[in-house]
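Below is one structure, written out as structure tokens; the observations come after it.
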Amino acid sequence: MKSVKLRIGFIAVLLILIFAFQYALTSSESVLTFYARNIFEPLQQVRSFLFNGLPFSLGDVVYLLLAMLALLLIIRTVYFLFTIKKNKQDLLVELLRLITLPAVAYFLFLIFWGGNYTRKPLTATLNVDGHKWDTAALITLTQDLVLKMNEARTQAIHFPKLKILNKQANSFYHKRFGERIANLKVKPTSLGYMLNYLGIQGYYNPLSGEAQFNRFIPVFMHPFVVSHEMAHQVGIAAEDDANLLAYIIGAESDDPAFRYSSYFNLFIYAFSDLKSQDSVVANNILATLNQQSKNDIDTLRENNRRYRSKFRRFSSSLYDEYLRFHGQKDGIQTYGGVTQWVYIWEHIEKRKANLSVCP
């Protein structure tokens, strides 16, 4: 019984720490700043130093081990449940272990990265006065993106391999935000084609600090997705903020592949929004798009159709709840919220808005 009481006490202390930490982050700007500068940033620096050189994703291995451990605990719990008469004590211990595992994992998640969800939006520094966001503004943004894509496609665009993309994107980030941020690197996921069926283009592992991306998506998506995952590595948690930062990194770069990938990805969001509001205008704008970009859209659609599955709907639903739980009230729709901020950013001080990744 003593071990049971110790386990219960440990769980209670852990839950108190979780709630206290979350409360402190949300109620005090100084605590959030201390967390970002003295906990997250040094941790990310150390993890980047230790793991960037690994040819595989340590985070994927950690996920696999945690999943296997959770499965083992569930199996043992079910076994003790069916043999409760002779294993009542073991069942109680196993239940406590089953509670402890996610509690410890979530506490580490908060310390290593999850605290970033309490940051002010990246767009908090944008001066939105005089910039009305409505259908007319959305039309303007969509038209602007078409013009940029048409200009970009007047020449052949070479989309580099991941090794080169990493070097370029890391350089773009450090050029904009200085050497204070960690060296950034995105790795190909070890999950292979599975991510296609789940509808996932990339993800960040909060425990290892590694970012992974799905190398099986079309190549014109790669620069934007790599930049998006790197945004998470510098502490940007909200998905619309990560999309905005990925767009800015690409649009400001001198590389045609990064610029086009940014314009293309934002066009997909903007066109989808506009089509839901005025399909006639949306299709008229689409008609002015160059043929190669239309082919790219068809390629992306075909890729999505090929890997359509029930797993994708389940994955999207699960991630939607995850985002809502962490304060992103629009859930998975948060990704598309970037259109408004790109429009405003493009119209403020000729794109010289002071966006900072450090609170």
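From most to least packed by mean Cβ count within 10 Å, the peptides 30-36, 71-77, 340-346, 84-90 give 340-346, 30-36, 71-77, 84-90. Distance from the C-alpha centroid of the range 218-269 to that of the range 72-119: 37 Å, rounded to the whole angstrom. Take each peptide in 257-265, 60-68, count the other Cβ atoms within 10 Å of every residue, and average; sorted highest first, the result is 257-265, 60-68. The listed residues Phe216, Phe56, Phe224 rank as Phe56, Phe216, Phe224 when sorted by accessible area, largest first, using a 1.4 Å probe. Cross-link pairs exceeding 32 Å in C-alpha to C-alpha distance, out of Lys120/Lys161; Lys187/Lys294; Lys148/Lys187, comprise Lys120/Lys161. To the nearest whole percent, what portion of all C-alpha pairs in the range 1-69 is separated by more than 15 angstrom? The share of Cα pairs beyond 15 Å in the range 1-69 comes to 73 percent. Within the straight-line cut-off of under 18 Å between alpha carbons, the aspartates and glutamates reachable from Lys275 are Asp134, Asp144, Asp298, sequence neighbours fewer than 8 places apart in one chain being disregarded.
Taking every Cα-Cα distance in the range 109-157 and sorting them into 5 Å bins from zero, the calculated P(r) comes out as 4, 15, 11, 12, 14, 12, 13, 13, 6, 0 percent. Rounded to the nearest Å, what's the spacing between the alpha carbon centres of the range 21-65 and the range 132-158? Just the number, please. If you average the Cα positions of each part, the centres end up 36 Å apart.
Accessible surface comparison of Leu126, Leu108, probe 1.4 Å, protein chains only, largest first: the order is Leu108, Leu126.
Protein heavy-atom accessible surface, 1.4 Å probe, per residue over the range 47-110: 64 Å².
Averaged over residues, the count of other Cβ atoms within 10 Å places the peptides 166-172, 241-247 in the sequence 241-247, 166-172, highest first. Hey, for a label at Lys175 modelled as a point 7 Å past Cα toward Cβ, could you say which residues of the range 228-257 have their backbone N under 18 Å away? Residues 228, 230-231, 245-257 fall inside that zone.
Hey, which aspartates and glutamates would be in cross-link range of Lys175, C-alpha to C-alpha under 20 Å, not counting anything within fewer than 8 residues on its own chain? Excluding near neighbours in sequence, the set is Glu41, Glu229, Asp241, Glu252, Asp254, Asp255, Glu346, Glu349. Panel values: the range 51-101, Kirkwood radius from alpha carbon pairs, Stokes-Einstein at 25 °C and 0.890 mPa s, translational diffusion coefficient 197 µm²/s.
What a 1.4 Å probe finds exposed on the chain is 62% carbon and sulfur by accessible area, rounded to a whole percent.
Translational diffusion of the range 1-160 was estimated from the Stokes-Einstein equation, with Rh taken as the Kirkwood radius over Cα pairs; at 4 °C and 1.567 mPa s the coefficient is 61 µm²/s.
At the residue level, Asp298 shows approximately 80 square angstrom of accessible surface with a 1.4 angstrom probe and all protein chains present. With Cα atoms as the point set, the range 172-309 shows a radius of gyration and Dmax of 15.8, 47 Å.
The values are calculated or read from the model by the stated rules, or taken from the named source; none is laboratory data. Small disclaimer: the values here were computed from a predicted structure and weren't measured. Every residue, glycine among them, receives a Cβ derived from its backbone with ideal geometry; neighbour counts consider all protein chains shown. Each accessible area value is taken on the protein alone, full model and side chains, heavy atoms only, with ligands, DNA and RNA left out. Shrake-Rupley method; radii C 1.70, N 1.55, O 1.52, S 1.80 Å.
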